[in-house]
Amino acid sequence: MGVSLAEELARQQRSISVAEFFERNKHLLGFDSPTRGIITTIKEAVDNALDACEEARILPDIYIGIRRQSGDVFRIVVEDNGPGIVSRQIPFVFGKLLYGSRFHQIRQSRGQQGIGISAAVLYAQLTTGVPTVVISRTGPDRPAVRVEIQIDVGTNEPDIVSQQEIEWDRTHGTRVQIEFRSSLAARKRLVEYLKYTSVVNPHARLRLELDDETILFDRVSDEVITCPQAIKPHPHGIEIGQLRRMLIPAKEHLEDFLSNHFSRVGARTAREICTRAGLPGNRDAGSLSPKEQKRLIEAMQEVKVPAPPVAQCLSPIGEELIIRSLEKEFQIDFVRARTRPGSVFSGHPFIIEAAIGYGGKLPADGNAQILRFANRVPLMYQQGACAITQAIAGMSWKNYSIPQAGLPTGQLLILVHVASTNVPFTSESKDAVAGIPEIEREIVLALQDLGRDLKLFLSRRDRNRLQEDRAQAVCAILPDLAAKVAEIVEEPIPNISYIEGRVMRRLVARKRIDSGTVVIELVNYTAQPATLSLYSISPDAADDARPPPDFVTRLEDEYTKVWQISVGAGESWQTRFTGSGGGTLELRGIDPRQIVVVDQDV
Amino acid sequence: MSRSQLDNLATERLVGIARKWYRQMAGGEIPSISLPTRTKQNIAYDDETEVWKYGNRESTRSAGTAKSALHLLKMAWVIWFLKNQISENRSSTLRELYYISEGWKKAKFQAQDESNFLIEDLEILTDMQREAFHLRPEEDGATIFGPLRLKELTRRGARDIHCQDDVGEAGYQIPTNVENIELLDHDAQFVIAIETGGMYARLIENGFDSEFRAILVHLKGQPARSTRRILNRINDQFGIPVVVFTDGDPWSYRIYASIAYGAIKSAHISDLLATPKAQFIGVQPSDIRDYNLPSDHLNEKDIAALKSELTDPRFSSDYWKEQIGLQLTLNLKSEQQAFAARGLDFVTKEYLPARLSVMGVL
């Protein structure tokens, strides 16, 4: 009885193809809804195009076309000027899930698992049945190839519907054309996605044609970015499966295997790992038993190994380019960026870059705009689940004069870019970065640094505002007040230029007569020390002046007395002499906009 | 003080504010004014005058910021306007002042609250009442009925008026400027100030004024300044007791408080407006219980108002703490006219005489 049931069950058990699995689990790849499908498709195609151009050291020019065919069927075209794909590879790149060149490499890249674009091909096949058309050309001396592809969902093998050589106006590049059922409900998000992509790819030019509208996201830099180099795995960042795959073909002694195939492992470290694992260094690496392999990997985690080389395998955008891109796409008053030094989690190198923008045309209501990126790819969904968001919410923004309600609020834009050989995502749809303490710590450090800059900017701005407010009070209202008050008390309008000098932060010179003594006073209300010449021209000889003038000339009945004066910021200077006043008072050698002269004996 | 003396004093004090600014500006200082802060936290009991006045907290407005400079400019325009108004012997209402400012360009008022507030500032700065600036409030004065003789200086000369014999059924209407009244003589044992018109009319109809030799004053809800001022003057000049008869709810206790202790808004002239010896006759929360008066349940706002009164320094006596506490427990409120449930004469024959004798007035 039991036996027959087991046999019964065994008849139902069979392996399912990867393609079949993903057909049933579309949500894992970002195809859970028609609106989202369109964004995911473009995202995958653009990521591939950017990666290809980067590898070929070409400045990317990418065209994205979206055109409604009929009803809810859309034709998506993504065309790049990349190196092209050799014709025999085309079916595999587009028609086989989990096929890719970068999967086993340890360096920063956009697409990693090679699921992306072929998932879109599959999605098209499932919704419209129209095969995907790929045109590619690898150089001017070769013809372009046009291939129509579908995926055999049973075997996960590409199914070539047609293949032919054609004329194409591009000398090199790839064009993919996919038709599927969707909707443009998420149009705004799509444009946002391209805008954000342009921000973190300052060297790329993206052109979007959406039905009849064209939007251009131009490049701000003509420098081809350095393609990150693959590095060997780091002993701290390796898992048992990968180690096993590396050990099987190995023909060296264990010590040599370790120092040849891992980064930052020299002869000494290799010996230490072997000792700790209790394995002789001259063991044949390929002959380790599973138990020994397990001991080896444990020893590898325990031994101290320098951090992997970061600069080589990662390509941060750089502070200046982030700033330039943000200034291009957003109108903001303040923008600063930070690229943190490289760091490591579980043997995986990573770099955090962050930027803060403030003011300008950013919306004043609601939460700050958060722009999340992983390896130069914008993360558009699941903001709340992302470690970047959590790191931002965990900070105390009030310290930087920014209001906060969970997230910081107001006219604020926060950009965070996580670049890593292995960005830890919460799921395969790659929407949210998983909470890794090392990464969160680096994000917070970068943002705290930027927050301090922002606070400085805000306090300077407030100070300027206060000064402007005072200037407004003094220049526009005080004269009216003086006139009205004079009318009430029936006196001449008082001279308020002295108050103006004080409030406006100028250098004020005053001359008055105090029972037969002329007093000339200078008060420097500016923030800078001032050096100037003071000219007093009057019938007074000023023989007894204290301090005396630096030189005096006489012209008929008038004496021109000149003092050379230096007054520090906030300081004052005074001279007195016997006389009857009158004449003129003049300051030279200083910007006339900075001075106010008040003659009180006229 | 004669009318012209009062005018001169008001002009002198108003111009004095402008003169101070003039001196400040001529001396190179930014003009400024200092005023007590007008909040519940800044009123204090003045032992000498037995009323609540502003405390020592002051705030200074200096024309160094655009907002304050504009405030001073508006004040200058108002002073200029009032000075002319007084010299031309004209007057205007607070509302008219607000409209007149239309032509003042930058100094134009944005809302009437703003001009009202500014006038209160001027009262504080000059230590005078707005009536001295020839400014009238919008509301008409309340009425008086009872054995009181006074002389009013009207535009058409002085008039002698007896507030029972020379007036109609509704009584004598109190003018907005009580300073134009001279109190001559009386034949009263006490003054009873009444919140509602219905109860005021009931007392007149029942002959309460002649039977008990009472001066009846109709408060018309929250009493106008002129009403409070005349209560203050009768009490001060004749030394006869004042009792206050209102509904039994938190809002009515505030009416009593503004008569007895002064209002927060006008704490700067409390000694002119408040009658500290005024006593609360009812309706007390204990009356609701003792007389089993028809009543309503307290609503949320009533409860909040009662709780706020528990923190108001003017209600900090044991009597009020007990009564308010009782009302919160009963969760009931009653109107004065609820006594009608026991017959139209009950209030004048039983309730008021009983309360007055308990309070030692009769």
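Throughout, read-outs are computed from the coordinates displayed, never taken from laboratory work. These figures come from a predicted structure and were not determined experimentally. Cβ coordinates were reconstructed from backbone atoms using ideal geometry, including for glycine residues, and neighbour counts include every protein chain displayed.
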Kirkwood Rh, segment B:31-83, all Cα pairs: how many Å?
12.9 Å
Can you work out the base-10 log of I(q)/I(0) for chain B at q = 0.08, 0.09, 0.10, 0.15 1/Å, using the Debye formula on its C-alpha atoms alone?
-0.46, -0.57, -0.70, -1.32
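Is there a quick way to get the dipole size of segment A:174-285? I mean about its Cα centre, with the Cβ of Lys and Arg at +1 and of Asp and Glu at -1; what is the value in debye to the nearest 20?
Details: 18 positive and 15 negative charges, 86 e Å.
Magnitude of the dipole: close to 420 debye.
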Pick out, from B:L122, B:T65, A:V78, the residue whose Cα sits farthest towards the positive end of the charge dipole of the protein assembly as shown, with +1 on the Cβ of Lys and Arg and -1 on the Cβ of Asp and Glu.
A:V78
Measure of size requested: the Rg and Dmax of segment B:212-297, with Cα atoms as the atom set and Å as the unit; please supply both.
13.7, 42
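Partner chain Cβ atoms within 10 Å, averaged over the residues of A:486-499 - can you pull that number for me? Working shown, then result.
On the way: counts 6, 6, 15, 11, 2, 4, 1, 3, 9, 3, 8, 1, 5, 9.
Taking all residues of A:486-499 together, the mean is 6.
So for the protein assembly as shown, considering every pair of alpha-carbon atoms, how many percent are separated by more than 40 Å? Don't jump to the answer; show the numbers that get you there.
Details: 308635 of 464166 pairs.
Summing the P(r) tail past 40 Å for the protein assembly as shown gives 66 percent.
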Please rank A:R338, B:R228, A:R441, A:R593, fewest neighbouring Cβ atoms within 10 Å first, as an exposure proxy.
A:R593, A:R441, A:R338, B:R228
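Divide the volume of the convex hull of the Cα atoms of segment A:235-295 by its number of residues and quote the answer in cubic angstrom per residue. The partial results should precede the final answer.
On the way: hull volume 4.5 nm³, N = 61.
Hull volume normalised by residue count: 73 Å³.
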Which pairs in the list B:K301/B:K333; A:K96/A:K430; A:K195/A:K430; B:K20/B:K40; B:K83/B:K108; B:K67/B:K265 are over 24 Å apart, alpha-carbon to alpha-carbon?
B:K20/B:K40
Candidates B:A340, B:A278, B:A132; GNM for chain B (alpha-carbon contacts under 10 Å) flags as most fluctuating B:A340
Taking one equal scatterer on every alpha-carbon of segment B:143-358, how large is log10 of I(q)/I(0) by Debye at q = 0.12, 0.13, 0.16 1/Å?
-0.63, -0.73, -1.08
For segment A:419-549, just the Cα set please: Rg and Dmax, both in angstrom.
29.3, 92
Mind listing the phi-derived Karplus ³J(HN,Hα) values for segment B:62-73, rounded to whole Hz, using 6.51, -1.76 and 1.60 with θ = phi - 60°, and x for any glycine or proline?
10, 6, x, 10, 4, 5, 6, 4, 5, 4, 5, 5
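When B:S68, B:S32, A:S182 are ordered from fewest to most other Cβ atoms inside 10 Å of their Cβ, what list results?
Numbers: B:S68 20, B:S32 15, A:S182 26.
Going from least to most buried by this count: B:S32, B:S68, A:S182.
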Net +/- balance of residues flanking B:S62 in space, Cβ distance below 11 Å, scoring K and R +1, D and E -1:
+2
Positive end of the dipole of chain B, charges at C-beta (+1 Lys, Arg; -1 Asp, Glu), about the Cα centre: which of B:V283, B:H297, B:L14 has its Cα farthest in that direction?
B:L14
Expected sort for B:D287, A:D514 with the fewest Cβ neighbours (10 Å cutoff) up front is A:D514, B:D287
Helix-only [θ]222 nm of the protein assembly as shown, DSSP H runs n ≥ 4, -39500 (n - 2.57) each, per residue, nearest 500
-10500 deg cm²/dmol
For segment A:330-459, with only Lys/Arg (+1) and Asp/Glu (-1) charged at the beta-carbon, what is the dipole magnitude about the Cα centre, in debye rounded to 20?
220 debye
How many angstrom separate the Cα center of segment A:451-465 from the Cα center of segment A:291-320?
41 Å
Could you work out, for segment A:497-599, what percent of all Cα-Cα pairs fall into each 5 Å distance bin, beginning at 0 Å and stopping at the bin that holds the largest distance?
3, 14, 25, 26, 17, 11, 4, 1, 0
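For A:S33, what is the net charge nearby, where nearby means another residue's Cβ is under 13 Å from its Cβ and Lys, Arg count +1, Asp, Glu -1?
Numbers: positive: A:K26, A:R36, A:R181, A:R189; negative: A:D32, A:D72.
Charge balance near A:S33 sits at +2.
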Dipole axis of segment A:330-459 (+1 Lys, Arg; -1 Asp, Glu on Cβ), positive-most option in A:I443, A:T421, A:G357
A:G357
Compute the signed sum of charges (Lys and Arg +1, Asp and Glu -1) over the other residues within less than 15 Å, Cβ to Cβ, of B:A278.
+3
Other protein chain Cβ atoms within 10 Å, averaged over every residue that makes up B:69-81:
5
Size of the dipole of chain B about the Cα centre, Lys and Arg at +1 and Asp and Glu at -1 on the beta carbon, nothing else charged, in debye to 20?
1500 debye
Hey, what does the equivalent ellipsoid look like for segment A:555-602, semi-axes from the Cα gyration tensor as sqrt of 5 times each eigenvalue, largest first, whole Å?
22, 13, 12
